[in-house]
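Asker: Take this structure, written in structure tokens, and hold onto it; I'll ask about it next.
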Amino acid sequence: MDGQQVKLWESRCIEEFPPACSAACPVHLDVRGLAELLRKGDLRAAHAHACRFIPFPGIVGHLCDHPCQSACRRSESGDAIRIHELERTIATAGFNAPPFRRGRAMEKKRVAVLGAGLSGMTAAADLIVKGHEVVVFEANAQLLGRLRQNPNLPASILEADLARFENTGIEFRYEQTANAATLADEFDAVYVGTGPAGQSDIDIDPLTYTTRHPKIFAGGSRRYGSHYSLITSLSDGRYAALSIERMLQGASLIANRDSQGSQASRLYVNVAVHAPLPAVAPADPAQGYSPAEAQAEAARCFPCHCLECVQVCPYLEHYGGYPKRYIREIYNNETIVMGARKSNRMINSCTLCGLCAEVCPEQLGMGEVCLSARQGMVAKNHMPVSHHDFALRDLAFSRSKAFALARHQPGHNESALLFFPGCQLSASSPDHVARFYQHLCAKVDGGVGLMLGCCGAPAHWAARDDLFGETRADFRAEWERLGKPPVITACSSCYRMFTDHQPDVPTESVWTLLERIGLPDAGGVPSRLTIHDPCTTRHESAIHASVRRIAHQRGATIVELEGAERTTCCGFGGLAQLANREVADKIVDRRIGQNESDHLTYCAMCRDNFARRGKRAVHILDLLYPDGDAAARADPGFSARQENRGRLKRGLLRDLWGEDVTEPADDIELAMSAEVQADLEKKLILLDDIRQTVRHAETSGEKLIDQKTGHFVAQHRPVAMTYWVEYSLEGGRHVVHRAYSHRMQLEIAP
Amino acid sequence: MSERPSTPAPPELTCDRCQLPLVLGKVKASYLGNSFEVELSCCPGCGFIYVPEELALGKMAQVEQALEDK
Ligand code: SF4
Ligand code: SF4
Ligand code: SF4
Ligand SMILES: [Zn+2]
């Protein structure tokens, strides 16, 4: 992966931006976190949380001018959260704010603070926590003098906040006025927070709080005059202390200060999904919220998050994070030098379906990220073999003589069109493919060639660019030999692969073509079907429209979900189903749970996955060739998929091209219960693997026997995998009781 | 896989070819260029090594994955 590109991707996910409330708070109090604690009824934790951000929780809880509240996104659906009232409840709940602890500085410096107002005291607190020596000069006899005159602030609250400063080591010099320039000679830095009464002619930099004197910083109410904001004034002390700390350490004063102070947030929030709610009214407005009222009010906080993609994608939900975090993990996974690459499976569990980019306010697509990560893994030889091995062997099968075929229509020596049904439709409904091909031949003048093979999608999804290239080369050689006819695809993944990766090959979906040439003769059967567009057609509106019209002609009433562009994957895309069955099942289960009616789709893999998870589903070809209860058809499973492909080819050669092809004889006849068969399917063990293993045992005699049950235990390692089969012989058939496999190779130790 | 001893085979399993009961023996297990020794049930006659399903799908699968992620 390209580091620059990774940074760009990361920057596009805005989930980590603060919510509007805390962005607007000049000291960025984590209001969302506070509301979460309050909603749980944990006032004590909420108080402790507030104390981490605010040196004077009591004072702020009573007097804050709360810019957070005007920014609160809740106001777009009901009233803004009464953040100020919540803070007041926290402030009056009777908890003691923890005292400040003097930190340990590497190099202890001396800082003078002029003026013991809110900004000066905040600066003093922040600097003592950093471990410096702090001396506060106050002209009056008391700290926080002006606040003491405020009738809305009980004296006990002010004293409780000041208690945080006891025994911190800050030296307070009362009734002492001092000159900043003189102090600057004696101290390493000076903060001037003397309030509106002080010199108002100081030039203060609004970002760094520096003045013309390199050691003197200033801020607080002197800057605001009639626009005084208590929390902004307090925040001046905080940001000036930050500058002082940086100056003392010789660090840049201006770097990384973008998020300083009150500002708007870039966090996207889908407000529309939240029903409006009015603010909770306190029973006694003078007393403010009771703890229970505060809890109810806090529960109105959304809380603000983007997570648009996470909400629609069970894969993104599964790993408990969101793209920004995932992208970081994925990049670390690639660059890690020592230790396990923990994100390998996560990277291979994305279906590459593109839905996330569709819903993301920044159009960030995790599929692109995961595919690029897979390319990196393959390039560095770090791709776990087991994740894609099965799919790639299946691909090899489809490219082999057992399935691959490219011919002109019988009786023709050129092709006006070339039909490419794809390996999965052929695997799922070989009879439909054969009938449909004949329909095309009957309707299209000039001959319709046929090509059986694989478009290479599995290789592309596995980031095996080498294999993908070979598969495309296979195709091209045959396509050129047949005179480069326009290609008609039945599978939407094939359509995607051709249009995206071989743009010079004119490609059309069979469904748009079908509308022009007319449907096969057959009456329509009234039905009510929920349409599922395969994710690989996401933006192919012409295909969407054709399929709907065809279904309509066949008597179907179509129910829409979120619309074609928001369609999901069935779990097979990106080979997710093979790398992570659990996640793929979550994806398909969510889809089929969206409503009760039967699903209609036009990808064989989608249909079979729905069926596998217990959903009644039909392929559009089932509407063209109605035959019994097609929606009840079971998922054929991986073994039958390969056998069906072989049978399709042999049948076509026999029936259309009149060749003398015989079906291979089965030397090993297998039998097994439905449970064993389902178990094999889950373990990705093909009947052919079983047959080979049994054959090996029977011919070599290498097997164990269980004396109690009479079962044989056989093992065989054709290439990179050892298969184990427990079977018994019953009436000439081999009854399979169980099978399993492993990749590790074993030999007797020397 | 380093845990020893590994699950011994059920006593009723015997080698069909040699007609011998299996015994625990040292076995070299290797994957992706890494190898280590384990104890598994083997036929003392022909050296047929038995891997029970629990081992294949449990510990062995874990080690395979760990090596793939290394
Ligand atoms: S939709 Fe997802 S990727 Fe996009 S900004 Fe939101 S959380 Fe990030
Ligand atoms: S809804 Fe909650 S998180 Fe969002 S702005 Fe309002 S208080 Fe903050
Ligand atoms: S499965 Fe689809 S929606 Fe989920 S992250 Fe991958 S591409 Fe995005
Ligand atoms: Zn033996």
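Asker: Quick one: of A:LYS215/A:LYS324; A:LYS682/B:LYS70; A:LYS649/A:LYS682, which pairs are farther than 30 Å apart, Cα to Cα? The partial results should precede the final answer.
Answerer: Working: A:LYS215/A:LYS324 40 Å; A:LYS682/B:LYS70 26 Å; A:LYS649/A:LYS682 27 Å.
In this structure, A:LYS215/A:LYS324 lie more than 30 Å apart at Cα.
Asker: Would you kindly derive the ³J(HN,Hα) couplings of the stretch B:32-48 from the backbone phi angles with the Karplus curve 6.51 cos²θ - 1.76 cosθ + 1.60 (θ = phi - 60°), listing them in order in whole Hz, with x for Gly and Pro?
Answerer: Computed from phi, the couplings for the stretch B:32-48 are 6, x, 10, 9, 7, 9, 9, 10, 9, 6, 9, 7, x, x, 10, x, 4 Hz.
Asker: If you average the sequence gap of Cα pairs under 8 Å that are 6 or more apart and divide by the length of chain A, what percent do you get for the contact order? If you can, show how the numbers build up before the last one.
Answerer: Details: 1340 pairs, mean separation 77.5, N = 750.
Over chain A, the number comes to 10 percent.
Asker: Give the dimensionless ratio obtained when the Cα radius of gyration of the protein assembly as shown is divided by 2.2 N^0.38 Å. Let's see the in-between values first.
Answerer: Working: Rg = 36.1 Å, N = 820, 2.2 N^0.38 = 28.2 Å.
Ratio of Rg to 2.2 N^0.38 Å for the protein assembly as shown: 1.28.
Asker: Rounded, prolate or oblate: which one fits the stretch A:670-742, using the alpha carbon gyration tensor with axes a ≥ b ≥ c (rounded when a/c is under 1.5, else prolate when a/b beats b/c, else oblate)?
Answerer: Details: a/c = 1.62, a/b = 1.10, b/c = 1.47.
The shape class here is oblate.
Asker: Can you compute 3J(HN,Hα) from phi for each residue in the stretch A:614-619, using the Karplus curve 6.51 cos²θ - 1.76 cosθ + 1.60 with θ = phi - 60°, rounded to whole Hz and x for Gly and Pro?
Answerer: Values per residue, Gly and Pro as x: x, 9, 6, 8, 10, 8 Hz.
Asker: Separate question: Taking amide hydrogens as modeled 1.01 Å from N in the peptide plane, which residues meet the under 5 Å criterion relative to A:THR507, leaving out close sequence neighbours?
Answerer: A:VAL487
Asker: Where does the charge balance sit around A:ARG695 when Lys and Arg score +1, Asp and Glu -1, over other residues with C-beta under 15 Å from its C-beta? The partial results should precede the final answer.
Answerer: Details: positive: A:ARG691, A:LYS703, A:ARG717, A:ARG733; negative: A:ASP666, A:ASP667, A:GLU669, A:ASP688, A:ASP689, A:GLU698, A:GLU702.
Surrounding charge for A:ARG695 is -3.
Asker: Once the Cα atoms of helix A:323-335 and of chain A are each reduced to a long axis, what angle between those two axes, in degrees from 0 to 90 to the nearest 10, is obtained?
Answerer: On a 0 to 90 degree scale, this one is about 70.
Asker: While we're looking at this one, here's another question. Could you tally the net charge around A:SER372, taking each other residue with its Cβ under 10 Å from the Cβ of A:SER372, Lys/Arg +1 and Asp/Glu -1?
Answerer: Details: positive: A:ARG374; negative: A:ASP2, A:GLU334, A:GLU368.
Taking every Cβ under 10 Å from that of A:SER372, the sum is -2.
Asker: Classify the stretch A:1-152 as rounded, prolate or oblate from the Cα gyration tensor: take a ≥ b ≥ c as the square roots of its eigenvalues, call it rounded if a/c is under 1.5, otherwise prolate when a/b beats b/c and oblate if not.
Answerer: Numbers: a/c = 2.11, a/b = 1.24, b/c = 1.70.
Because a/c hits 1.5 or more and a/b fails to exceed b/c, the stretch A:1-152 counts as oblate.
Asker: Ordered by residue, what ³J(HN,Hα) values in Hz, to whole numbers, does the stretch A:495-502 give under the Karplus form 6.51 cos²θ - 1.76 cosθ + 1.60, where θ = phi - 60° and Gly and Pro are x?
Answerer: Values per residue, Gly and Pro as x: 3, 4, 4, 5, 5, 7, 10, 9 Hz.
Asker: Still on this structure, I have one more. Just check the stretch A:387-517 against the gyration tensor rule for me: Cα atoms, a ≥ b ≥ c as the square roots of the eigenvalues, rounded for a/c under 1.5, and otherwise prolate or oblate depending on whether a/b exceeds b/c.
Answerer: Working: a/c = 1.73, a/b = 1.58, b/c = 1.09.
Here the stretch A:387-517 falls in the prolate category.
Asker: If you don't mind, another one. Amide H of A:ALA556 versus every other amide H placed in the peptide plane: which residues, excluding those fewer than 5 positions away on the same chain, fall under 5 Å?
Answerer: Those lying under 5 Å, H to H, from A:ALA556 are A:SER527.
Asker: Would you pull out the residues with amide H under 5 Å of A:CYS313's amide H, same chain only if 5 or more places away, H placed 1.01 Å from N?
Answerer: none
Asker: Run the simple label-point estimate for A:GLU663 and A:ALA477 please: 7 Å along Cα→C-beta, distance reported in nm.
Answerer: Between A:GLU663 and A:ALA477, the label points sit 3.2 nm apart.
Coordinate-derived values only; no laboratory data. This structure is a prediction, so every number in the text was calculated from the model and none was measured. Ideal geometry is used to build each Cβ from the backbone, glycine not excepted, and the neighbour counts take in all protein chains shown.
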